[in-house]
Each structure stands twice: as structure tokens, then as C-alpha cells.
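A.B. asks: Take a look at the following structure, please.
No value in this document is a laboratory result; all are computed from the given coordinates. Quick caveat: nothing in here was measured; it's all calculated off a predicted structure. Every residue, glycine as well, gets a Cβ built from its backbone with ideal geometry; the counts of neighbours run over all protein chains shown.
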Amino acid sequence: MIDVLIIGAGPAGLSAAIYVERSGKHAVCLESLTVGGQIVNTPEISNYPGIKQTSGFEFSMALYEQATELGAEVNYEKAVKIEKVGEDKASGFMVTTESGKTYAAQTVIIATGAKNRHLGIDKEEVFTGKGISYCATCDGAFFKKKDVAVAGGGNTALEDALFLSNYCNKVYVIHRRQEFRGEPQILNVLKEKENISFVLDSTVEELKGESSLEAVVVKNKVSGELTEIPVQGLFIAIGQEPDNADFANEVQLDEKGYIAADESCYTKTPGIFVAGDCRTKLVRQLTTAASDGAVAALAACAYIMED
Ligand code: NAP
């Protein structure tokens, strides 16, 4: 039986794995996509204390190496079910993956992070990979010297716009308000860039094109005016949403689908803990994900050693 099965190998999950291994217990992470989670796509991290500057990829690889060198395992499987086995604590949990494999674990830490939010407009799915992207660092190079737009006003959108401005002819930042959620420091850099235009108080209403994206139609929320902007790429960076429905039988979800838990990282089920962006919290940052990983790991190890 695995001591601590961690669902997700992003910053929260891998931080938990480090703390579990350092506590003398064994951690196995299940990861459905790539290690590092969403942060792997971030071109630049400069707000993680103690690291002046790194990329999301470098950070993720360093975390992965740190966890696996300590003894943690990472298996590429999507967990789809958690079940309590028996009534007694020692029987632990059974976690089933999409491929039908099962893992027996004494404790479980859910660290599934969040997935990209979609605009939910017509043709968004059709044009995904044909002009629509949710990852500027992955797909930006395909749009060299072209005109593109970024939708969103958070740090991801601002960083994406900055990154794309180095490749693309023109970058439109389309945001539904005047004020940005992202850090003023990045915004100020963007304002100095000649090939960046801000389209504020505006939302993307329509996607136009034959076989790929050719233009977006934006609506100004104040005037109601519709404007067509010719672009070959639209990078959607409007935040994330959780993906916890598979575990709703064992943990309590809030109205938005986040797992209800406080700073202790306890869920309603003893032996199941939660860490990182997938839980209810005010601040979703790399630092808070790593912090949750440590807290959840130590709580899981203490749970195993109780009695
Ligand atoms: P976010 O901070 O939640 O921002 C999402 C943005 O999209 C907001 O500006 C929001 O507008 C807008 N939005 C949401 N739903 C929308 C919709 N349906 N239509 C149009 N616009 C919509 O998400 P994020 O930028 O991905 O960042 C997530 C977290 O990661 C944040 O805590 C961020 O600071 C952090 N992050 C950190 C770094 C870094 O440290 N290097 C890099 C990237 C992200 P409103 O503002 O009007 O709500």
C-alpha cells in the first residue's frame, strides 16, 4: 500500500511529494498531462521567493528532479475515482485511473490544479489549433510576423502579450474592463511596446474565418459598438476552472467546483487532503501551491502515524 498517493504533479503535488519523502514516507504522483501543471507554460517566473528569475519549464523540471531524486514516483495516469476501502483507517483508499488501473493508498492528496477556462463562443472548439490557442509559449512561434489577439486581463494574458510581442507583427490585448487584474509592473512594460494595442471594456463576441481564424469581432461594453479586428491568432487567457467532479463522492465541492478546505488542507474525509489551486482559497499563486503541498504532505504523514 502506498503511503501517500498524490493526484497531480504540478507545483502543489510535487511539493507534497518532496515533503512526504523527506518525512520518511513514500509518495506516488498520478499525472494526466505533464509535470509542472499550468506553470510549465509560463515564460517567466520572477515572483517566487529566493529565485530571482526562471521559466515555468525550468522550474517544473527542477521540482520534478527534486521530488524523484528523493524517491517519489510519477506515473502518467488520470485518476478518475477515489473510494474508501472498508470502515477502518488501515484499509485506506482505492484510486482508479482512466485506464482501469487501481492504486491502494493509505492517504490521498488531491492536487489537480485547474484547467483553462474557455470563452464559450461559437467556433471556439472548431478553431482550436487553427488560430485559437490557450498557450502562447507553446504556439506563439507559429504566429511569427502575424497579427494576433490575447483575451484576458490577468498575469497570464499580460505575460502572453509580452511574449507574443517579440514574435508577432501586432498584438491586441482584449479585456472586459479598464483595470487589469495582472501586475502593474508587466502592464507598464506592455504600454511601452509599439506593437501592442489595448482593446478595453470589450469582449470577443464572434470568431470569423473559413478553415482557420481570420478575424475576431469585439463588442465594446460601454458603447455597444461591434468592431472586426483581423487576426490570425487568438490566445485565450481568461483564467482557470477546477476539474474535481470525479471526486465529488469523497470531498465537498463549492458552487464553482473547488474542493472545500481551509489552510489545514483537510477535506471532509479523514485521510484525503487537498493542495493548491483546486481547493477553495483567495490567492492562487505558485507560492501558495507549494505551501499547500507542504501542509497537506505533513498532515498526511501525521495521519498515517497517529495511534
Ligand atoms: P486570472 O488572474 O483569474 O485572470 C483572468 C482574467 O480573465 C481576468 O482579467 C478576468 O477578467 C478575465 N476573464 C475571466 N473570465 C472571462 C470571460 N468569460 N470573458 C472575458 N474575460 C474573462 O487568471 P490568470 O491570468 O490565468 O492567472 C491565474 C493565477 O496565476 C493568478 O493568481 C496569477 O497571478 C497567477 N499567475 C502568475 C504568474 C507569474 O507569477 N509569473 C503568471 C501567470 C499567472 P476580470 O479581471 O474582469 O475578472
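A.B. asks: Please state which one of 58, 31, 73, 69 is surrounded by fewer than 19 Cβ atoms within 10 Å (Cβ to Cβ), closer than 30 Å to residue 182 by Cα and acidic (Asp, Glu).
C.D. replies: Exactly one of 58, 31, 73, 69 is surrounded by fewer than 19 Cβ atoms within 10 Å (Cβ to Cβ), closer than 30 Å to residue 182 by Cα and acidic (Asp, Glu), namely 58.
Here is a yes/no grid of residues against (1) among the β-branched types (Val, Ile, Thr); (2) more than 9 Å from the ligand (Cβ to nearest atom); (3) in contact with a Gly (Cβ under 8 Å, 6 or more places away or on another chain):
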position	(1), (2), (3)
156	yes, no, yes
163	no, yes, yes
169	no, yes, no
172	no, yes, no
177	no, no, yes
180	no, no, yes
186	yes, no, no
189	yes, yes, no
197	no, yes, no
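A.B. asks: Within segment 9-123, considering only strands (runs of 3 or more DSSP E) that don't extend past its boundaries, which have at least 1 residues that are of a type in the set (D, E, K, R)?
C.D. replies: Passing ranges, in order: 73-75, 79-84.
A.B. asks: Follow-up. Quick one: is residue 40 surrounded by 14 or more Cβ atoms within 10 Å (Cβ to Cβ) and β-branched (Val, Ile, Thr)?
C.D. replies: Criteria met by residue 40.
A.B. asks: When both residues are 6+ apart or on different chains and their Cβ atoms are under 8 Å apart, which pairs have a first residue that lies in segment 23-42 and is among the acidic types (Asp, Glu), and a second that is crowded, with 21+ Cβ neighbours inside 10 Å?
C.D. replies: 31/8; 31/9; 31/13
A.B. asks: Quick one: what pairs do we get from segment 144-157, first residue on the phi > 0 side of the Ramachandran plot, second outside any strand (DSSP E or B) and more than 16 Å from the ligand (Cβ to nearest atom), C-beta under 9 Å, 6+ apart or different chains?
C.D. replies: 145/167; 145/168; 145/169
A.B. asks: Continuing with the same structure: Quick one: how many residues across segment 218-248 are buried (at least 21 other Cβ atoms within 10 Å of the Cβ) and within 15 Å of the ligand (Cβ to nearest atom)?
C.D. replies: Total meeting the criteria: 6.
A.B. asks: Kindly list the number of the only condition in (1) closer than 27 Å to residue 244 by Cα; (2) part of a helix (DSSP H, G or I) that fails for residue 159.
C.D. replies: Answer for residue 159: the failing condition is (1).
A.B. asks: Sticking with this one: Report every pair of residues separated by at least 6 positions or lying on different chains whose Cβ atoms are under 9 Å apart, first residue within segment 165-194 and surrounded by fewer than 18 Cβ atoms within 10 Å (Cβ to Cβ), second aromatic (Phe, Trp, Tyr) and assigned to a strand (DSSP E or B).
C.D. replies: Cβ pairs passing all conditions: 191/198.
A.B. asks: Considering each residue of segment 28-62, count those that are closer than 24 Å to residue 106 by Cβ and more than 16 Å from the chain's Cα centre (by Cα), and give that number.
C.D. replies: The total comes to 2.
A.B. asks: State all residues of segment 112-135 that are farther than 30 Å from residue 265 by Cβ and either away from the ligand (no atom under 11 Å from the Cβ) or charged (D, E, K, R) (or both); if no residue qualifies, say none.
C.D. replies: Within segment 112-135, 122, 123, 124, 125, 126, 127, 128, 129, 130, 131, 132, 133 meet the criteria.
A.B. asks: In segment 249-274, which residue that is of a type in the set (Phe, Trp, Tyr) and in contact (Cβ under 8 Å) with a residue 24 or more places away in the chain is surrounded by the fewest Cβ atoms within 10 Å (Cβ to Cβ)?
C.D. replies: Ranking the qualifying residues of segment 249-274, first place goes to 266.
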